[in-house]
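Trainee: Following this message is one structure expressed as structure tokens.
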Amino acid sequence: QVQLVESGGGLVQAGASLTLSCVWSGPSAGINAMAWFRQASGKEREFVAGISATSKNLFYPNNVEGRFIVSRDNAKNTMYLQMNSLQPEDTAVYYCASDRIRNSWEVSAMKHWGKGILVTVST
């Protein structure tokens, strides 16, 4: 059974940086592309970063590119999301997702999900 556990969330002030971690476990976990998503209160879950299995390819939507950096350490079964210059609009529950089942970064394209972790950015 694949398990994904996020950590590193919390309350920060605008302009600060924060790094999230996602540790994966289970059979065949983490062998494919992985991603970070987020869901703000009252909004749909959205894609914020994706990374291929070997870290060769990185993907970001326009609203975080240049501020967020995704990485992974397969030896440690861990994926990271470094978030810089955080703004109040980045406040959301952040989710780790693994095992992309088709060539898309839609929510439905990811097979496994963590429970999420809250990031709150104050003004």
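Trainee: Using θ = phi - 60° and the Karplus form 6.51 cos²θ - 1.76 cosθ + 1.60, what ³J(HN,Hα) does each residue of the stretch 2-18 get, whole Hz, x for Gly and Pro?
Mentor: Those phi angles translate into 6, 10, 10, 10, 8, 8, x, x, x, 9, 9, 8, 4, x, 7, 10, 8 Hz.
Trainee: Using DSSP to call loops (not H, G, I, E or B), can you name the trypsin sites (Lys or Arg not before Pro) in the stretch 75-123 whose Cβ has at most 15 other Cβ atoms within 10 angstrom?
Mentor: ARG102, LYS115
Trainee: Quickly work out the THR54-to-VAL5 label distance, labels modelled 7 Å from Cα along the C-beta direction, and quote it in nm with one decimal.
Mentor: It works out to 3.1 nm between the two label points.
Trainee: Taking θ as phi - 60°, what are the ³J(HN,Hα) couplings along the stretch 67-80 by the Karplus curve (6.51, -1.76, 1.60), each to the nearest whole Hz, with x for Gly and Pro?
Mentor: 10, 9, 10, 9, 8, 8, 10, 5, 5, 9, 6, 9, 10, 10
Trainee: Add +1 for every Lys or Arg and -1 for every Asp or Glu among the other residues with Cβ under 13 Å from the Cβ of ALA16, and state the total.
Mentor: 0
Trainee: Roughly speaking, to the nearest percent, how much of the stretch 14-68's 1.4 Å accessible area is carbon and sulfur?
Mentor: Solvent-exposed carbon and sulfur of the stretch 14-68 make up 48 percent of the total.
Trainee: Would you mind checking which residues have amide H under 5 Å from THR19's amide H? H placed 1.01 Å from N; only 5 or more apart, or other chain.
Mentor: Amide H to amide H, under 5 Å and 5 or more residues apart or across chains, THR19 pairs with MET83.
Trainee: Taking the square root of 5 times each eigenvalue of the Cα gyration tensor, what semi-axes in Å does the equivalent ellipsoid of the chain have, largest first?
Mentor: That gives 22, 14, 14 Å for the three semi-axes.
Trainee: While we're looking at this one, here's another question. Could you derive backbone 3J(HN,Hα) for the stretch 31-38 from the dihedral phi with the Karplus parameters 6.51, -1.76 and 1.60 (θ = phi - 60°), listing whole Hz in sequence and x where the residue is Gly or Pro?
Mentor: Along the stretch 31-38, the couplings run 7, 10, 4, 10, 7, 10, 10, 9 Hz.
Trainee: Under a plain spin-label model, where a point goes 7 Å from the Cα along Cα-to-Cβ, how far apart in nm are LYS76 and GLU46?
Mentor: Taking the two extended label points, one gets 2.9 nm.
Trainee: Setting aside same-chain residues fewer than 8 positions from LYS56, which lysines have a Cα under 26 Å from its Cα?
Mentor: LYS56 reaches LYS76, LYS111.
Trainee: Follow-up. Between ASN62 and ALA14, what length in nm is gained on full extension when 0.36 nm per residue of separation is reduced by their alpha carbon distance? The partial results should precede the final answer.
Mentor: Numbers: separation 48, 0.36 × 48 = 17.28 nm, distance 1.93 nm.
Working it through step by step, the gained length comes to 15.4 nm.
The values are calculated or read from the model by the stated rules, or taken from the named source; none is laboratory data. Here the structure is a predicted model, which means the values were calculated and not measured. As a convention, Cβ positions derive from the backbone with ideal geometry for all residues, glycine included, and neighbour counts pool all protein chains shown. Just so you know, the surface numbers come from the protein's heavy atoms only, side chains and all, with ligands and any DNA or RNA stripped out. Shrake-Rupley method; radii C 1.70, N 1.55, O 1.52, S 1.80 Å.
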